[in-house]
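Okay, structure first, notes after.
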Amino acid sequence: ADVGHRVGMLTKAAVRPVALGKLVFTTPGVVWDVGPGRGSVGIECGRLRPGLDVFAVERDPAQVARIRSNAARHRVNVTVTEGAAPDALVELPTPDRVFVGGGGTEVLAAVLGRLRPTGVVVATYAIVDRAVAAAAMLGNVVELSVSRGVPTGGLGVRLRAENPVFVCWGPET
């Protein structure tokens, strides 16, 4: 989903397909997008599988408004809860799939405590220590690096590396 964003506040376009692929959707089902920023992953879930019930949990009121606007623009039904995880997760229906956009292990533990037995969690991190802790809880981690081509002033194109992103998923079944 092409949604408006600030730098660093959107799950990178090159990372989203990997995260979505690891979610291995079921239809119908319940998907949580925890710490969604502007909602790119949750919105894409709804676009890929219209039968899913998508819930986004975001603590920033400005981002909540942006998620609602972006979901409406893409004609995707996303129920947005304004609040901080893990407390804001209590009233949500039991999830089949969860995407966690960063955060610490407290949120991940709360998500795992609510996940259906056949459920899957995918979490992304920019910080190595958090990714290592999440991989210990979920069972899997990959590091994704992206470099973008930039012009060199008539000499050709060089690659400019972006910060890597770690994608963790599980639990192992």
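The values are calculated or read from the model by the stated rules, or taken from the named source; none is laboratory data. Since the model is a prediction, treat every value here as computed from it, not as a measurement. All Cβ positions, even for glycine, are placed from backbone atoms using ideal geometry, and neighbour counts span all protein chains on display. Each accessible area value is taken on the protein alone, full model and side chains, heavy atoms only, with ligands, DNA and RNA left out. Shrake-Rupley method; radii C 1.70, N 1.55, O 1.52, S 1.80 Å.
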| note | Measuring from the longest principal axis of the C-alpha atoms of the chain, the long axis of helix 61-73 (C-alpha) lies at a number of degrees, nearest 10, equal to 90
| task | Please name which of V80, L108, V90 has its Cα lying farthest along the dipole of the chain towards the positive end, using unit charges on Cβ (Lys, Arg +1; Asp, Glu -1) and the Cα centre as origin. | result | V80
| request: Using amide H atoms built 1.01 Å from N in the peptide plane, name the residues 5+ places from V122, or on other chains, whose amide H lies under 5 Å from its own. | output: V98, F99, V100
| query | Considering only the other residues whose Cβ falls under 12 Å of the Cβ of V165, what net charge follows from Lys and Arg at +1 and Asp and Glu at -1? | reply | +1
| said: I'd like to check one number: the per residue accessible area of the chain, probe 1.4 Å, reported in Å² as a whole number. | reply: 51
| said: Taking the Cα centre as origin and putting +1 on Lys and Arg beta-carbons and -1 on Asp and Glu beta-carbons, what dipole magnitude results for segment 122-173, to the nearest 20 debye? | reply: 300
| Across 10 Å bins from 0, what is the distribution of all Cα-Cα pair distances for segment 36-129, in whole percents? | 16, 51, 31, 2
| Hey, in the GNM for the chain with a 10 angstrom Cα cutoff, which one of V54, V146, V15 fluctuates hardest? | V146
| note | Taking protein heavy atoms only, a 1.4 Å probe, and rounding to whole percent, the accessible area of the chain owed to carbon and sulfur comes out at 53
| message | Just to verify a number: FRET efficiency for A72 and T152, C-beta to C-beta distance, R0 = 45 Å, to 0.05? | response | 0.65
| said: If amide hydrogens are placed 1.01 Å from N in the peptide plane, which non-local residues have theirs closer than 5 Å to the one on T81? | reply: A56, V57, E58
| request: Only bridges with both residues in the chain count here: give the DSSP antiparallel percent, nearest 5. | output: 45
| request: State which stretch of the chain is the longest one without any exposed GluC sites (Glu not before Pro), exposure meaning a DSSP loop state and at most 11 other Cβ atoms within 10 Å. | output: 1-90
| request: Give, as a single signed number, the net charge of other residues whose beta carbon lies under 12 Å from the beta carbon of T26, with Lys and Arg counted +1 and Asp and Glu -1. | output: +1
| note | Quick calc, the chain, dipole around Cα centre from Cβ unit charges on Lys, Arg (+) and Asp, Glu (-), nearest 20 debye, gives 660
| When only DSSP loop residues count, what trypsin sites (Lys or Arg not before Pro) in segment 28-79 have their Cβ near at most 13 other Cβ atoms within 10 Å? | R75
| query | Could you give me the ³J(HN,Hα) list for segment 30-46, computed from phi with Karplus coefficients 6.51, -1.76, 1.60 and θ = phi - 60°, whole Hz, x at Gly and Pro? | reply | 10, 10, 9, 10, 9, x, x, x, 9, x, 4, 6, x, 5, 5, 4, x
